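What follows is a single structure, written as C-alpha cells, with notes after it.
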Amino acid sequence: MLQYDPHAIEEKWQQVWEDTGANLMHIDDERPPYYVLEMFPYPSGDVHMGHVRNYSIGDVISRYKRMQGYNVLHPIGWDSFGMPAENAAIKENSSPHTWTYQNIERQRASLKRLGFSYDWSRTVITSDVDYYHWGQWIFLKFWELGLVERRSSPVNWCPDCNTVLANEQVLGEGDCWRCKTSVEKRELEQWFFKTTNYAEELLEDLNELTGWPERVKQMQANWIGKSIGADVVFTLCDETGEPTDETITVFTTRPDTLFGCSFFLLAPEHPLAERITKGTSYEAEVLKIKQLVESATAIEREKADREKNGAFTGCYVINPVNNEKLPIWVSDYVLMDYGTGAVMAVPSGDQRDFEFAQKYALPIPPVIVRKDDELYEQLAGVTECKISQVPWSEAYVGPGIMVQSGEFTGLPGGKDSEGSTAVINWLAERALGKASVNYRLRDWLISRQRYWGNPIPAVHCSFCGIVPVPYEDLPVELPMNIDVTAGETLAGNAAFCEVDCPACGKPARRETDTMDTFTCSSWYFLRYTDPHNPELPFNSKTVDTWLPVDQYIGGIEHAILHLLYSRFFTKGLRDAGLLGGADANRLLQRGEPFKNLLTQGMVKLNGETMSKSKGNVVAPEDMIARYGTDALRVYILFMAPPDKDLEWNQEGLEGIWRFLNRIWRSASDLLGELVVDSENNVLSIYDTSLTTADATERGKELNRDIHRVIGKVKDDVERFNFNTAIAAIMELANTVSTYIKLPVELRNKELCLRAAETLALLLAPMAPHFAEELWCTVLGKAEQGSVHKQTWPTHDPSQALTETVELAVQVNGKVKARITVALDAPEDEIKAEAYAAVAAIVEAAEPKKIIVVGGKLVNIVV
RNA sequence: GGGAGCGUGGCGGAAUUGGCAUACGCAGUGGACUUAAAAUCCACCGCCGCGAGGCUUGAGGGUUCGAGUCCCUCCGCUCCUACCA
C-alpha cells in the first residue's frame with residue numbers, strides 16, 4: 001500500500017478532470033437544473049481563507065447535487081472593474097488592465113489548485129468588452145424605461161477617491177466603504193438609477209424570499225425604511241405676518257399630534273430658509289447653522305443625542321387645523337434629503353422636538369395623554385389649549401387620548417391610530433393634506449469620476465442635450481492608452497471625448513463618467529447562463545430555466561449593497577423587456593434573482609479579521625503545501641457551521657490530516673491488504689483473541705452504522721451542517737477501525753467493500769481528490785467511472801436500528817437507572833421493568849404517572 | 001435611541017420537534033510499540049468528593065412529568081443601523 005500523498009493525487013486528478021471535461025455542464029441536459037452560485041471574487045490579490053470557505057461550501061453543494069441527479073450550473077468569474085486597480089497601478093507603475101488581469105490569472109491558478117468543480121468555459125470577467133458591452137445595453141434599456149436620471153443633487157463625495165459614492169457605500173460612521181475616508185456632501189450633476197421606483201416592490205417581495213436569512217431581510221427592510229403617515233400643507237406668511245398664497249408641505253407619521261405643533265422647522269440647506277432671511281437681521285444666525293451642518297464631522301453627526309442647534313427665521317406659517325401662527329426655525333437636526341426637508345415640530349410627542357423646545361424656550365403643549373397621567377384629569381375633554389407647557393421631563397411618544405385638539409379631542413391618539421385617520425380625512429376633505437408614505441431608500445447614484453469602469457453610453461450635444469449612444473454603436477470601448485500613473489483621465493482624452501452627436505451629427509462630447517462597479521455585479525449571474533451570447537446579454541428562455549439561482553452563497557457584508565442592487569436590476573430587466581413586446585417577450589419573467597441565500601461567517605485569527613494590513617493572514621497556499629487541498633477543505637467545513645465566524649487554529653487541521661490518513665489505511669485494510677508505513681513497519685493490528693461471535697456482532701454494528709451515517713450525512717448536508725456531517729463520517733471511520741481489528745478470515749468481504757465504498761462516496765463532495773483516488777485506485781472501481789459520477793448512496797432506515805434499546809429510567813425527571821428492552825417491547829412491559837429497576841429508590845410509593853418516550857426514556861412520577 | 005443575534009468543558013463545537021447535556025475533533029494524562037523520537041494503537045479526560053453520591057448549559061424566577069431548548073426579569077458580548085419627523 002502506498003502512503004497517502006495529497007500532492008500527487010490532487011494534481012493527477014485535476015489534470016484528469018480537465019482533460020475529460022468532467023466539470024463542463026450542458027445547458028440542455030434533461031436532468032433537472034440546479035444553479036449554485038458563489039459571490040465572484042474581486043481580483044485584488046491572492047485567494048484568501050474567506051474565499052476558500054465560501055467556495056468550499058459552494059463546491060460541496062454542487063457536487064452533492066450532481067450525485068443526487070441534478071444538472072448543476074456552478075460558474076465562477078471576476079468582478080474586475082473598480083478603483084483598487086487604479087490605485088495599485090499608480091503604486092506599482094503599471095496599468096489597471098495589466099494589474100487586474102495578472103491577478104485574475106494568479107487567482108485562477110489558486111482556485112484550480114483548490115479543485116473546485118467550476119465549469120471554466122463559462123467564466124465571466126466584468127472588465128472584458130464582451131461583458132461590459134451588455135452592461136451598457138442594459139443601461140440604455142433602463143433609460144428607455146425611465147429608470148435612468150441625470151440630475152443635480154447633494155451627493156456623497158470621497159475626497160480621497162476623488163469620486164462620488166452611493167448612499168449604500170457610505171458606512172455608518174459616514175466613511176467611504178473602500179478607503180474609510182470621511183465623506184463630504186457636494187451638490188453635483190450626476191447619473192442615477194431610480195431604485196426608488198421599486199421601493200415598495202423591493203420591500204414587499206422580501207416576503208417571497210423564504211430561503212433568505214431573516215437578518216438580511218430585516219436589514220434590507222430597514223434600509224428601504226417605509227414610513228406611513230400624511231402630508232400636511234402649511235401656509236406661509238409674509239414679512240408682516242399675513243398669510244400668502246404660498247404653501248409648504250411636511251411629512252409626518254403622527255397627524256394625530258398636529259394640534260400640539262408649536263413651531264415649524266426647516267433644514268438649514270432648505271432654499272426657503274435662505275429666501276425668507278435674505279437681507280434680514282435673522283440671516284446671520286441662520287447662516288451660522290448652515291455652516292455648522294456643512295462642517296460637522298462624521299463623528300459628530302453619529303451621535304443621536306448630540307446638542308441640537310437652531311435659529312429663528314423671523315417668519316411664520318399657519319397650522320391648517322387651528323389656524324395658529326407658528327414661528328419658522330432652522331435646525332441642524334432636520335435633514336434636507338428626507339421627506340420635504342421641513343418638519344412640523346410637536347415637542348410633547350417627539351423627543352428631538354422636546355429637547356429643541358426646551359433649549360429655545362418654545363411652548364410644549366400636551367395633546368396625547370395617557371389615562372393614568374396626572375394631566376389627564378385636568379385635560380380630558382378640553383378642546384382649546386389650556387396648558388401650553390407639559391410638566392414632563394421627556395416627550396410622550398406612545399398611544400393615549402387626544403386632548404386640546406379641537407373636534408378630535410377624546411379620540412384615541414398614537415401611531416396609526418383612529419385619531420390619525422380622522423385628522424388625515426379632515427385634511428383631505430379640505431385639500432390641506434393627504435395620507436402619504438415615505439421611504440428612506442434613495443435613488444442609486446451610479447456615476448463615478450474614475451477611469452477603470454464601464455463607460456456610461458451617453459453623449460452631450462449642445463444642440464440636442466444629452467443623447468443616448470444608439471444600441472448599434474455599442475460597445476463604448478474603454479480606451480487602453482490612458483496612463484493613470486501620469487494622472488490622465490477619460491475626460492482628458494480627446495480621442496475618447498470628441499464624437500459626433502448621434503442625433504444631429506454635429507460635434508459633441510462623450511460622457512466621461514463610468515458606472516459604479518456594483519452595476520457590473522448586479523447581473524453577472526444572468527450572463528453565466530449564456531456567457532458567450534454575441535447578440536444579447538443573455539437568452540431569455542435559458543435564463544428562465546435557470547433563474548432564480550437555487551443557492552447563493554456569500555458574505556454578510558453584501559446584505560444591503562450587492563443583494564439589493566441585484567434585486568433592483570432583476571426587476572428592471574423584467575420590466576424593460578416589455579418595451580415594444582408582449583409578456584412572452586420579456587427579457588426575463590421573474591423579479592427575484594436568488595431563491596436561497598447562505599451568508600457565511602468570516603475566518604478570523606485571534607478574534608480579528610485576517611487582513612494584509614494587519615499582517616495576520618494565513619495563506620491557503622501554505623496550508624495546501626503541507627496538508628493538501630482536501631484536508632484544508634474538510635477542515636474549514638468542520639470547524640464551525642457555515643454561517644458562524646470561525647477562529648483559525650492550525651492544530652485542528654492536523655486532526656483532519658490524521659483523519660484522512662486513517663481512512664486511507666482503513667480502506668486498504670478493509671480490502672485485506674496488510675497496511676505498512678513508509679519504513680515498512682506493519683500498522684495493521686489484528687486481535688487474534690476475537691471469535692466468530694465477535695465478528696457477527698461487529699458486522700451487525702458496522703452494517704447499522706453504514707446505514708445510519710448515510711442518512712445522517714444526507715440530512716446534514718441538506719441543511720448545510722457540514723461540520724456534523726463530517727463528525728458522522730468520523731463515527732463511521734471509528735466503527736470501521738474497530739471492525740478491522742478482526743483477523744481477515746473472520747471478516748465479511750461484502751461488508752468490508754461496502755464500508756470502503758460508503759466512505760469514498762460520502763467524502764466525495766468535501767474531499768473530491770481523496771475520494772476519487774480511493775474509489776478508482778484503492779477500491780479499483782475506475783471502470784465504473786469517476787466517484788463524482790456515482791449516485792449518492794441510499795440507506796434503509798430499518799437497517800440502522802438496533803434490536804434492543806437502552807432506556808434511561810427517570811424518577812421525577814432525574815436519571816436513576818438504565819434498562820435494556822427489545823425494540824418492540826409493549827409499553828406495559830417497559831413500565832413494569834422500569835419500575836422494578838428503581839423500586840428501591842421509590843420505596844414502594846405508588847407512582848402517580850409513568851411516561852414512556854419511545855426509544856429514549858421512562859419517567860416515573862411519584 | 002432602534003433592530004437582530006449570541007452566551008454549553010481547557011479550546012472549536014454537538015444536542016433537528018421540549019425527552020439520557022457535553023456527539024465529533026483539538027489540547028491534555030497514562031500505557032503499548034521503539035535504543036530513542038515521530039507515526040500508529042489502547043485507555044482516561046465537565047466540576048466537587050477517597051467514596052457512596054451530589055452539582056453543571058451567563059444569573060434569577062416561571063410553565064411542564066421533564067427545559068441548553070418555551071415565557072419573564074437581569075447581566076455580559078457581537079453585528080447592523082441611526083437626529084428618518
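The values are calculated or read from the model by the stated rules, or taken from the named source; none is laboratory data. What you see is a predicted model; the values in this text were computed from it and never measured. Here Cβ is always computed from backbone atoms with ideal geometry, including for glycine, and neighbour counts include all displayed protein chains. Areas reflect the complete protein model, heavy atoms only, side chains present, ligands, DNA and RNA absent. Shrake-Rupley method; radii C 1.70, N 1.55, O 1.52, S 1.80 Å.
Please go through the range A:676-696 and pick out each residue that is of a type in the set (V, I, T) and either in contact with a Phe, Trp or Tyr (Cβ under 8 Å, 6 or more places away or on another chain) or more than 12 Å from RNA strand B (Cβ to nearest atom) (or both).
Passing the criteria: A:T688, A:T691, A:T692, A:T696.
Identify, from the list A:I424, A:I456, the residue that is farther than 30 Å from A:V369 by Cβ and either touching a residue at least 60 places away in the same chain (Cβ under 8 Å) or open to solvent by less than 30 Å² (accessible area, probe 1.4 Å) (or both).
Answer to the selection: A:I456.
If you check A:K290 against the conditions, is it basic (K, R) and at pLDDT 85 or above?
It is true that A:K290 is basic (K, R) and at pLDDT 85 or above.
Looking at (1) touching a Pro at 6+ places or on another chain (Cβ under 9 Å); (2) over 27 Å from A:A89 (Cα atoms); (3) open to solvent by 60 Å² or more (accessible area, probe 1.4 Å), which is the one condition that is false for A:K434?
Status for A:K434: all satisfied but (1).
Name the residues in the range A:126-155 that are open to solvent by 20 Å² or more (accessible area, probe 1.4 Å), out of contact with any helix residue (DSSP H, G or I) (no Cβ under 8 Å at 6 or more places or on another chain), in a helix (DSSP H, G or I) and not aliphatic (A, V, I, L, M), would you?
Across the range A:126-155, the qualifying residues are A:D130, A:H133, A:W143.
What's the number of the condition A:M480 fails, among (1) under 34 Å from the mean Cα position of the chain (by Cα); (2) more than 30 Å from A:W223 (Cα to Cα)?
A:M480 satisfies every listed condition except (1).
Confirm whether A:K814 is of a type in the set (K, R), open to solvent by 40 Å² or more (accessible area, probe 1.4 Å) and more than 47 Å from the chain's Cα centre (by Cα). Can you show your working first?
On the way: of a type in the set (K, R): yes; open to solvent by 40 Å² or more (accessible area, probe 1.4 Å): yes; more than 47 Å from the chain's Cα centre (by Cα): no.
For A:K814, the condition - of a type in the set (K, R), open to solvent by 40 Å² or more (accessible area, probe 1.4 Å) and more than 47 Å from the chain's Cα centre (by Cα) - is not met.
Scan the range A:77-87 residue by residue and report those that are part of a loop (DSSP other than H, G, I, E, B), under 30 Å from A:A22 (Cα atoms) and touching a strand residue (DSSP E or B) at 6+ places or on another chain (Cβ under 7 Å). Give the derivation first.
Our first condition is that a residue be part of a loop (DSSP other than H, G, I, E, B); within the range A:77-87, this holds for A:79-82.
Keeping just the survivors that are under 30 Å from A:A22 (Cα atoms) gives A:79-80.
Residue satisfying the conditions is A:S80 alone.
Exactly one condition in (1) open to solvent by 20 Å² or more (accessible area, probe 1.4 Å); (2) more than 30 Å from A:S153 (Cβ to Cβ) is false for A:A357; which is it?
(1)
Please give the number of the condition A:W664 fails out of (1) surrounded by 20 or more Cβ atoms within 10 Å (Cβ to Cβ); (2) more than 19 Å from A:P743 (Cα to Cα); (3) not basic (K, R).
Of (1) surrounded by 20 or more Cβ atoms within 10 Å (Cβ to Cβ); (2) more than 19 Å from A:P743 (Cα to Cα); (3) not basic (K, R), only one is false for A:W664: (2).
For the range A:770-791, check the following and say yes or no: at least one residue is within 16 Å of RNA strand B (Cβ to nearest atom) and not in a strand (DSSP E or B). Reasoning before the result, please.
We begin by selecting, within the range A:770-791, every residue within 16 Å of RNA strand B (Cβ to nearest atom); these are A:770.
If we keep only those that are not in a strand (DSSP E or B) as well, we get A:770.
The answer is yes; a qualifying residue exists.
Contact list please: Cβ distance under 6 Å, first residue in the range A:1-24 and within 24 Å of A:L683 (Cβ to Cβ), second residue open to solvent by 30 Å² or more (accessible area, probe 1.4 Å), pairs at least six apart or on different chains.
Listed by first residue and then by second, the contacts come to A:M1/A:E673; A:Q3/A:S678.
For the structure I just gave you, tell me whether A:D715 is in a helix (DSSP H, G or I), surrounded by fewer than 20 Cβ atoms within 10 Å (Cβ to Cβ), near RNA strand B (Cβ under 10 Å from one of its atoms) and not polar (S, T, N, Q).
yes
Identify, from the list A:T804, A:T794, the residue that is away from RNA strand B (no atom under 15 Å from the Cβ), among the hydroxyl-bearing types (S, T, Y) and closer than 30 Å to A:S666 by Cα. Full working, then the answer.
Details: A:T804 fails: away from RNA strand B (no atom under 15 Å from the Cβ).
After ruling out the rest, the residue left standing is A:T794.
Please give the number of the condition A:P765 fails out of (1) crowded, with 22+ Cβ neighbours inside 10 Å; (2) modelled with pLDDT of 95 or more; (3) under 19 Å from A:S668 (Cα atoms).
The single condition A:P765 does not satisfy is (3).
The conditions are (1) of a type in the set (A, V, I, L, M); (2) open to solvent by 10 Å² or more (accessible area, probe 1.4 Å); (3) out of contact with any strand residue (DSSP E or B) (no Cβ under 6 Å at 6 or more places or on another chain), and A:A808 fails exactly one of them. Which is it?
(3)
Can you give me the number of residues within the range A:718-731 that are aliphatic (A, V, I, L, M) and crowded, with 20+ Cβ neighbours inside 10 Å?
4
Given the residues A:S62, A:S56, A:S80, which is the only one that is under 17 Å from A:V787 (Cβ atoms) and buried (at least 21 other Cβ atoms within 10 Å of the Cβ)?
On the way: A:S56 fails: under 17 Å from A:V787 (Cβ atoms); A:S80 fails: under 17 Å from A:V787 (Cβ atoms).
Just a single option satisfies the conditions, and that option is A:S62.
Step by step: first the residues of the range A:314-342, then only those that are in contact with a Ser or Thr (Cβ under 6 Å, 6 or more places away or on another chain) and either at pLDDT below 95 or open to solvent by 20 Å² or more (accessible area, probe 1.4 Å) (or both), then the one that is farthest from RNA strand B (Cβ to nearest atom). Which residue is that?
Filtering first and then ranking leaves A:G314.
Are any residues in the range A:697-712 over 14 Å from A:T802 (Cα atoms) and either away from RNA strand B (no atom under 12 Å from the Cβ) or of a type in the set (K, R) (or both), and if so, which ones?
Result: A:I710, A:K712.
Search the range A:437-447 for residues being open to solvent by less than 50 Å² (accessible area, probe 1.4 Å) and more than 10 Å from RNA strand B (Cβ to nearest atom), and hand back the single one that is nearest to A:G341 (Cα to Cα).
A:D443
Quick one: which residue in A:T758, A:T738 is near RNA strand B (Cβ under 9 Å from one of its atoms), under 30 Å from A:M639 (Cβ atoms), in contact (Cβ under 8 Å) with a residue 40 or more places away in the chain and in a helix (DSSP H, G or I)? Write out each step before concluding.
Details: A:T758 fails: near RNA strand B (Cβ under 9 Å from one of its atoms).
Unique residue meeting the criteria: A:T738.
Please name all residue pairs, on different chains or six or more residues apart, with Cβ atoms under 7 Å, provided the first residue is in the range A:479-494 and is under 16 Å from A:N454 (Cβ atoms) and open to solvent by 50 Å² or more (accessible area, probe 1.4 Å) and the second residue is aromatic (F, W, Y) and part of a loop (DSSP other than H, G, I, E, B).
Final answer for the pair search is A:T489/A:Y451.
Need pairs with beta-carbon distance below 8 Å; first residue assigned to a helix (DSSP H, G or I) and within the range A:629-658, second near RNA strand B (Cβ under 10 Å from one of its atoms) and at pLDDT below 90; sequence gap 6+ or separate chains.
That search, which allows pairs on different chains as well, returns A:I636/A:L646.
Across the range A:221-269, what is the total count of residues that are within 30 Å of A:G555 (Cα to Cα) and buried (at least 20 other Cβ atoms within 10 Å of the Cβ)?
Matching residues across the range A:221-269 total 1.
Filter the range A:659-695 for residues that are of a type in the set (S, T, N, Q), closer than 21 Å to A:L732 by Cβ and assigned to a helix (DSSP H, G or I) and give the result.
Across the range A:659-695, the qualifying residues are A:N661, A:S666, A:S668.
Going by the conditions given, is A:I740 closer than 14 Å to A:S668 by Cβ, among the β-branched types (V, I, T), open to solvent by less than 20 Å² (accessible area, probe 1.4 Å) and touching a helix residue (DSSP H, G or I) at 6+ places or on another chain (Cβ under 9 Å)?
Values: closer than 14 Å to A:S668 by Cβ: yes; among the β-branched types (V, I, T): yes; open to solvent by less than 20 Å² (accessible area, probe 1.4 Å): yes; touching a helix residue (DSSP H, G or I) at 6+ places or on another chain (Cβ under 9 Å): yes.
Here the answer is yes, as A:I740 does meet what is asked.
If I ask for residues that are touching a Lys or Arg at 6+ places or on another chain (Cβ under 7 Å) and either surrounded by fewer than 21 Cβ atoms within 10 Å (Cβ to Cβ) or not β-branched (V, I, T) (or both), which ones from the range A:399-419 would you list?
Selection gives A:G400, A:Q404, A:K415.
Do the conditions hold for A:I276, that is, is it among the β-branched types (V, I, T), over 30 Å from A:V382 (Cα atoms) and at pLDDT below 90?
The answer is no for A:I276.
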